[in-house]
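Submitted below is the structure of interest, expressed as structure tokens.
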Amino acid sequence: MRIRKRIALFVSTLLLGIVLAALGIALSAPIGPTESPVYSNPRVDYAPLMFVLGITLMFGSAVVYEIVPDRWDK
């Protein structure tokens, strides 16, 4: 069974978006109870941006699926 390039690009874009969104959530969460404002800051400075980029890539994967042709030889 041959995997189509269209589906491979769609799935890879979707998986990259899921990984970025999951990392963004995991790195934004504070460690332990938030007793002071110091602990409520994200562990990584741009972790919320990683989450937003992940969500954008997940929605963009549908665009990739629609724009990429099904067959390359036509």
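The values are calculated or read from the model by the stated rules, or taken from the named source; none is laboratory data. Note that the coordinates shown come from a computational prediction; the quantities given were computed from them, not determined experimentally. Neighbour counts run over all protein chains shown; Cβ positions are idealised from the backbone, glycine included.
Could you check the stretch 30-50 and list, in sequence order, the residues that are farther than 23 Å from Thr13 by Cα and at pLDDT 80 or above?
Val44, Asp45
Sort out which residues of the stretch 3-43 are of a type in the set (D, E, K, R) and either within 11 Å of Ile55 (Cα to Cα) or not in a loop (DSSP other than H, G, I, E, B) (or both), and write them in order of number.
Lys5, Arg6
Still on this structure, please answer the following. For the stretch 32-50, which residues satisfy the criterion of being exposed (fewer than 13 other Cβ atoms within 10 Å of the Cβ) and in contact with a Gly (Cβ under 9 Å, 6 or more places away or on another chain)?
Scanning the stretch 32-50 gives a single hit, Tyr39.
Also: Do any residues in the stretch 44-68 that are assigned to a loop (DSSP other than H, G, I, E, B) have Cβ atoms under 7 Å from those of residues that are surrounded by 14 or more Cβ atoms within 10 Å (Cβ to Cβ), where the two are at least six apart or on different chains, and which pairs are they?
Cβ pairs passing all conditions: Val44/Leu27; Val68/Arg6; Val68/Leu9.
Name the residues in the stretch 1-31 that are without any contact (Cβ under 8 Å) to a residue 24 or more places away in the chain, surrounded by 14 or more Cβ atoms within 10 Å (Cβ to Cβ) and of a type in the set (Gly, Ala, Ser), would you?
Result: Ser28, single match.
If you don't mind, there's one more thing I want to ask. What's the number of the condition Leu53 fails, among (1) modelled with pLDDT of 95 or more; (2) surrounded by fewer than 12 Cβ atoms within 10 Å (Cβ to Cβ)?
Single failed check for Leu53: (2).
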